[in-house]
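The values are calculated or read from the model by the stated rules, or taken from the named source; none is laboratory data. Remember, predicted model here, so these are calculated numbers, not experimental data. Cβ placement follows ideal geometry from the backbone for every residue including glycine, while neighbour counts extend to all protein chains displayed.
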Amino acid sequence: MFLIVGLGNPGKEYENTRHNIGFLAADEVRHIHNFSTPKLKFHSEISEGQVDGHKILLQKPLTYMNLSGGAVAQAAKFLKINLEDIIVVHDDLDLPVGKVKLKIGGGSGGHNCLKDIDAHFGNEYKRVRVGIGHPGNKDMVSDYVLHKFNKEDREIINAININIAKHLGLLLQGRNDMFIASLRP
């Protein structure tokens, strides 16, 4: 079983914001692969389904971004999911809008949610880093990540999320380079 975690913040005021890239990607996976209707469990919205024969638990933590580690750890420990079978989808300020990179292990890159996940059970999980661009000034970051995408960026992000969902099987099979190559809109 794989645990796929889409990171974001709950609530209407955060819908379609840059920080909610993970939620948007999770919604696309659920839609394209006909996952179950979300249920509340592990302080999260949880859906179940299959992608290319792999059983998937899809998680959207509802604990707010910087406190997601507890919810992710709770689901992983309860279901006995190995760290290497966890995939976290999140926003990345250091990448231009629409650029996607895959990282396994390593540091959090200053992302407070990843710091929280790492603190709860380690860092040797896969991270799908989806670029949201940078506002140009670090003092503007907090406001920037909580604002909605402009129309052009939204179209790029929608295309990326559709491709993440369509080609997820490649990542589950360990075909990481092919997965990343398939994401270009």
field: Condition met for D153 (exposed (fewer than 15 other Cβ atoms within 10 Å of the Cβ), among the charged types (D, E, K, R) and closer than 22 Å to Y14 by Cα)
entry: no
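With the requirement that a residue be of a type in the set (S, T, Y) and touching an Asp or Glu at 6+ places or on another chain (Cβ under 9 Å), what does the stretch 24-56 give you?
S36
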query: Among the residues of the stretch 144-178, which ones are free of Cβ contacts under 8 Å to residues at least 40 places away in the same chain, part of a helix (DSSP H, G or I) and more than 22 Å from L58 (Cβ to Cβ)?
result: K151, E152, E155, D177
- request: Test K80 against the criterion of being among the basic types (K, R) and outside any strand (DSSP E or B), and give yes or no.
  value: yes
message: Tally up the residues in the stretch 115-135 that are touching a helix residue (DSSP H, G or I) at 6+ places or on another chain (Cβ under 7 Å) and assigned to a helix (DSSP H, G or I), please.
response: 5
field: Residue within the stretch 92-112 that is in a helix (DSSP H, G or I), within 24 Å of A165 (Cβ to Cβ) and at pLDDT below 95 present
entry: no
field: Residues that are out of contact with any helix residue (DSSP H, G or I) (no Cβ under 9 Å at 6 or more places or on another chain) and surrounded by fewer than 16 Cβ atoms within 10 Å (Cβ to Cβ), drawn from the stretch 156-176
entry: A159, G174
statement: Here the residues within the stretch 117-138 that are at positive phi and free of Cβ contacts under 8 Å to residues at least 24 places away in the same chain are G136
